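Peer 1: The following block contains the structure, expressed as structure tokens.
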Amino acid sequence: MEALDGNAIAGALYDVFGTEMTTATGVCASCGARSVLAETRVYLRAPGTVVRCASCSAVLMVLVEAYGVTCVDVRGLEALERAQND
Ligand SMILES: [Zn+2]
């Protein structure tokens, strides 16, 4: 299965968080790597959408859409920091 980057889920993340999230920084709970979400690896057909760490391939986030509502599991993220608006 081919991986996309975090820009592939920009719209879905915007719907959930109400703001642009591809520039937010996620910290991998598995290896501690910090990366902006745009640089994560995204698998759209996993069941649900799976976002993996580009360094260690651990699952950072899972997005599942059910009944028109997108649920996000962010257990794989140690931290999620929004970009500063300047
Ligand atoms: Zn990692």
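Peer 1: Under the rule of at least 5 residues apart or a separate chain, name every residue whose amide H is placed under 5 Å from the amide H of Leu60.
Peer 2: Under 5 Å from the amide H of Leu60 lie the amide H atoms of Val51, Arg52, Cys53, each far enough along the sequence or on another chain.
Peer 1: Step through the residues of the stretch 29-46 one at a time and calculate ³J(HN,Hα) from phi using the Karplus curve (6.51 cos²θ - 1.76 cosθ + 1.60, θ = phi - 60°), rounding each to whole Hz and writing x for Gly and Pro.
Peer 2: 6, 8, 10, x, 5, 9, 7, 6, 4, 4, 9, 7, 9, 10, 10, 7, 10, 5
Peer 1: Compute, for the chain, the length of the dipole vector about the Cα centre, with Cβ point charges of +1 (Lys, Arg) and -1 (Asp, Glu) only. Units Debye, rounded to 20.
Peer 2: In debye, rounded to 20, the chain gives about 240.
Peer 1: Taking the Kirkwood radius as the inverse of the mean 1/r across Cα pairs, report the Rg/Rh of the chain. Please list the in-between numbers first.
Peer 2: Details: Rg = 11.9 Å, Rh = 12.7 Å.
That ratio is 0.94, to two decimals.
Peer 1: For Glu81 paired with Glu2, estimate the spin-label separation in nm (one decimal), with each label point 7 Å from Cα along the Cα-to-Cβ line.
Peer 2: If labels sit at Glu81 and Glu2, their model points lie 3.4 nm apart.
Peer 1: A further question follows. Label Cys71 and Cys56 with points 7 Å out from Cα along Cα→Cβ: what is the distance between them in nm?
Peer 2: 2.6 nm
Peer 1: Full extension from Tyr14 to Val36: what is 0.36 nm times the residue separation minus their Cα-Cα distance, to one decimal in nm?
Peer 2: Numbers: separation 22, 0.36 × 22 = 7.92 nm, distance 1.46 nm.
Between Tyr14 and Val36, full extension yields an extra 6.5 nm.
Peer 1: Residue farthest toward the positive end of the dipole of the chain, with Cβ of Lys/Arg at +1 and Asp/Glu at -1: which of Leu77, Gly48, Ser30?
Peer 2: Ser30
Any read-out appearing in this document is the output of simple, stated calculations on the displayed coordinates, not a laboratory observation. Bear in mind the structure is a predicted one, so any value in this text is a computation, not a measurement. Don't worry about glycine lacking a Cβ; one is built from the backbone with ideal geometry, like all the others, and counts go over all protein chains shown.
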